[in-house]
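Below is one structure; the comments refer to it alone.
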Amino acid sequence: MTAQNNMPVKQILTVTELNRLARNVLEQSFPLFWVSGEISNFTRAASGHWYFSLKDQAAQVKCVMFKGRNSYVDFMPREGDNIEARCTVTLYEARGDFQLTVEFVQKAGLGALFEAFEQLKIKLEHEGLFDSAFKKAIPKHPNNIGIVTSPDAAALRDVLTTLNRRNSNIGVIIYPTPVQGKGAAALIAKAIRTANERAEVDTLIVCRGGGSMEDLWQFNEEVVARAMDDSAIPIISGVGHETDFTICDFVADVRAATPTAAAELACADMQTLIDQLHHLWRRLERRVDTGLQTRAQKLDYLARRLISPAQQIENKFNQTRQLKHRMDIAFQGILKTQQQHVLQLQNSLAQLNPKNVLARGYAMVQDDTGNMIKSSLQAKVGEAVSIIFHDGSADATVNRIKSN
């Protein structure tokens with residue numbers, strides 16, 4: 001930036017601009033990293049956020065862990081605790097405070113465990129122990145369920161209570177083993193192998209209650225993972241709480257969030273099965289009723305079309321009677337017509353009958369040979385003739401002939 005006389009002009013930042021630039025530089029320069037230290041000045045705000053400082057012998061730094069992150073921490077930090085925090089560097093602009101935004105915390109020393117966990121996880125995943133293609137299906141209706149856990153564990157009581165509530169008819173066999181402490185991993189693996197050797201259960205639940213990473217570490221041991229992978233019995237892993245993940249969870253055929261959830265996955269709820277059965281029964285009844293009604297209607301339709309031999313004969317007789325009746329009517333009509341025609345002919349013939357003509361006052365004249373004399377020219381004087389009337393005749397002699 002220049003001004004008159006080409007003299008440089010200083011750029012003056014506001015405090016807000018300065019702090020924002022400093023915050024951007026810090027956040028871009030420090031990716032997500034781990035830092036260890038001792039907790040001091042720990043405060044849990046009403047909002048649920050945690051505010052504290054991490055210190056060592058020579059320095060300290062302010063930290064904030066927001067509620068959305070600290071809700072996943074399985075312990076409550078206290079003054080003097082040595083922890084390891086995964087965090088980012090930032091600057092609180094309003095006060096210009098340099099601070100860390102914590103994403104995750106764990107008790108000091110867990111870093112090595114996490115490293116071992118990740119290395120084993122990568123190794124077993126590379127070998128295919130986590131491959132879903134090799135996972136076995138959990139039987140829907142098992143006869144017996146095995147449980148690998150400590151007889152004194154609260155998780156066992158939860159599992160037994162859940163199994164009894166869902167289906168009290170299922171047999172339960174417990175394969176007792178310590179689930180914490182030195183050598184527990186080998187004993188857990190032995191219990192899994194024992195269940196397979198006995199082959200007396202359809203499903204195996206491997207479980208224990210929640211705890212820290214150290215508490216659950218026996219379920220991150222390779223010997224347990226190998227035993228689960230070798231198992232011919234389908235295995236449900238119910239180790240820890242919903243946010244806990246162990247190597248067993250990845251190797252098992254099914255991972256449950258809690259031991260109780262594992263029991264729920266191991267067997268169907270009897271009441272649910274009964275409700276489903278009633279539902280299917282009602283559907284079957286409706287289908288049967290509908291089928292019977294449909295077939296009854298079809299039967300009625302066919303029955304209307306089906307005529308018995310007696311009915312067929314009766315129908316033929318009826319048809320014959322109808323034809324005869326129609327023939328009688330037709331014959332009577334023809335006969336009447338013919339009668340009328342004959343009557344007409346009779347009338348015509350009567351009208352043409354000579355006798356009838358004679359009855360009206362006319363007469364016929366025949367010569368002595370019986371020939372009709374139709375004209376005066378045929379008559380001869382002195383000839384004997386016969387005069388025929390309608391009711392008789394008379395003999396006569398022609399005396400005189402007159403012509404018109």
* Being farther than 30 Å from Trp217 by Cβ, touching a residue at least 12 places away in the same chain (Cβ under 8 Å) and surrounded by 14 or more Cβ atoms within 10 Å (Cβ to Cβ), is that true of even one residue in region 34-46? -> no
* **Subset of region 178-198 that is touching a residue at least 24 places away in the same chain (Cβ under 8 Å) and polar (S, T, N, Q) - its residue that is farthest from Ile235 (Cα to Cα)** => Gln180
* **The lone exception for Leu120 - which of (1) over 20 Å from Ile192 (Cβ atoms); (2) touching a helix residue (DSSP H, G or I) at 6+ places or on another chain (Cβ under 7 Å) it fails** => (1)
* **Answer from Glu285, Glu314, Glu264 - the residue that is assigned by TED's automatic domain parsing to the domain that holds Leu204, of a type in the set (Asp, Glu) and either within 30 Å of Asn167 (Cβ to Cβ) or modelled with pLDDT under 90 (or both)** => Glu264
* Candidate set from region 206-242 (those that are out of contact with any Ser or Thr (no Cβ under 9 Å at 6 or more places or on another chain) and of a type in the set (Ser, Thr, Tyr)); member that is nearest to Pro142 (Cα to Cα) -> Ser231
* **Leading residue by the ranking (surrounded by the most Cβ atoms within 10 Å (Cβ to Cβ)) among those in region 103-125 that are part of a strand (DSSP E or B) and within 47 Å of the chain's Cα centre (by Cα)** => Val105
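The values are calculated or read from the model by the stated rules, or taken from the named source; none is laboratory data. Here the structure is a predicted model, which is why all the values come from computation and not from measurement. Backbone-built Cβ (ideal geometry, glycine too); neighbour counts: all protein chains shown.
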